[in-house]
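The values are calculated or read from the model by the stated rules, or taken from the named source; none is laboratory data. Values in this document were obtained by computation on a predicted structure and should not be read as measured data. Cβ placement follows ideal geometry from the backbone for every residue including glycine, while neighbour counts extend to all protein chains displayed. The accessibility values were calculated without ligands, DNA or RNA, using every heavy atom of the protein model including side chains. Shrake-Rupley method; radii C 1.70, N 1.55, O 1.52, S 1.80 Å.
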Amino acid sequence: MKFRAKIVDGACLNHFTRISNMIAKLAKTCTLRISPDKLNFILCDKLANGGVSMWCELEQENFFSEFQMEGFSAENNEIYLELTSENLSRALKTAQNARALKIKLTNKHFPCLTVSVELFSMSNSSRIATHDIPIKVIPRKLWKDLQEPVVPDPDVSIYLPVLKTMKSVVEKMKNISSHLVIEANLDGELNLKIETELVCVTTHFKDLGNPPLASESTSQDRNPEHMAEVHIDIRKLLQFLAGQQVNPTKALCNIVTNKMVHFDLLHEDVSLQYFIPALS
């Protein structure tokens, strides 16, 4: 298996660094899936066991000026690597305003993802900072557990409010309760609710809008004002919101009543799906 890639464009480099920072906030360890045309960052904790799942996808041609890979075999031309997200994020911090970034699969007594950052210097010569990130190569037989999660048909799909606003609301709620109810309808309304023996707090968001297809497919047999709801761990929602440094181009919340909430975000040309299971 071989992999090497290079980024020379400054905007692409900064965007890739932001993605890496976001992944580090969302998942302690993740799987990096490398295929000829895409990179995926994957977290697949079993939803049934109360874990969150993440699927982040970017088209390699939008970031890399050079991209070469040889996967497991001609039929299975992919590579799956497990790594500590923070290690990649830390390595890329040195790449801010760099001349170029190279990423390569290497073996230095142990398998590594070697990140080489070419830095500008006062003289014409360039300095290179190299980071060896330890990885685990995931065997072919385990790939089936790392596929894109299947999204059940949601009861309600709704656009999210500004994520920064949502985060500050949830942060305050976390001081009162460890779990929260998200409810939404096809009339563009979304509520965040917490309830304890002593207090009940609800924050209402209105006129958020619903995606046209979602409204059409479910509205025939559903009262648009009827709320679909899901009861989740507030810390898992906060972790997701804390990972969003930049307000996305598109942000959708899909609720499957009493089963899960699925967030679907688009950051320019990077898509992020995040799944939080309902509390039983």
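List of remarks:
- Verdict on GLU268 being among the acidic types (Asp, Glu), open to solvent by 20 Å² or more (accessible area, probe 1.4 Å), outside the structural domain of GLU86 (by the TED database) and in contact with a Ser or Thr (Cβ under 8 Å, 6 or more places away or on another chain): yes
- Test: LEU198 is among the hydrophobic types (A, V, I, L, M, F, W, C), assigned to a loop (DSSP other than H, G, I, E, B) and open to solvent by less than 80 Å² (accessible area, probe 1.4 Å): no
- Unique residue being of a type in the set (A, V, I, L, M, F, W, C), surrounded by 16 or more Cβ atoms within 10 Å (Cβ to Cβ) and in contact with a Cys (Cβ under 9 Å, 6 or more places away or on another chain) when the list is PHE67, PHE41, PHE16, PHE3: PHE41
- Residues of segment 4-27 satisfying the condition of being of a type in the set (Gly, Ala, Ser) and over 18 Å from SER271 (Cα atoms): ALA5, GLY10
- Unmet requirement for ASN21, which otherwise passes all of (1) farther than 20 Å from ILE138 by Cβ; (2) touching a strand residue (DSSP E or B) at 6+ places or on another chain (Cβ under 7 Å); (3) at pLDDT below 95; (4) of a type outside the set (Lys, Arg): (2)
- Annotation for segment 52-62: at least one member residue is within 24 Å of HIS131 (Cα to Cα), open to solvent by less than 20 Å² (accessible area, probe 1.4 Å) and of a type outside the set (A, V, I, L, M).
- Matching entry among LEU113, LEU92, LEU101, LEU81 (being at pLDDT 95 or above, within 19 Å of THR17 (Cα to Cα) and in contact with a helix residue (DSSP H, G or I) (Cβ under 8 Å, 6 or more places away or on another chain)): LEU113
- Taking each residue of segment 1-14 that is assigned by the TED database to the domain that holds LYS38 and over 24 Å from PRO111 (Cα atoms) and looking for partners that are modelled with pLDDT of 90 or more and open to solvent by 30 Å² or more (accessible area, probe 1.4 Å) with beta-carbon atoms closer than 8 Å, six or more apart or interchain, yields VAL8/SER65; ASP9/SER65; CYS12/ASN62.
- Residue satisfying condition, being in contact with a Lys or Arg (Cβ under 8 Å, 6 or more places away or on another chain), of a type in the set (A, V, I, L, M, F, W, C) and free of Cβ contacts under 8 Å to residues at least 60 places away in the same chain, within set LEU198, LEU192, LEU265, LEU241: LEU265
- Scoring ILE128 on the criteria (1) in a strand (DSSP E or B); (2) β-branched (Val, Ile, Thr); (3) open to solvent by less than 70 Å² (accessible area, probe 1.4 Å) leaves a single failure, condition (3).
- Matching residues in segment 70-97 - criterion: being hydrophobic (A, V, I, L, M, F, W, C), surrounded by 13 or more Cβ atoms within 10 Å (Cβ to Cβ) and farther than 21 Å from ALA24 by Cα: PHE72
- Sole exception among (1) open to solvent by 70 Å² or more (accessible area, probe 1.4 Å); (2) closer than 16 Å to LYS6 by Cβ for ALA100, by number: (1)
Yes/no per residue for (1) over 15 Å from the mean Cα position of the chain (by Cα); (2) β-branched (Val, Ile, Thr); (3) closer than 16 Å to GLY51 by Cα:
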| position | (1), (2), (3) |
| --- | --- |
| VAL230 | yes, yes, yes |
| ASP233 | yes, no, yes |
| LEU237 | no, no, yes |
| ALA251 | no, no, no |
| HIS262 | no, no, yes |
| LEU272 | no, no, no |
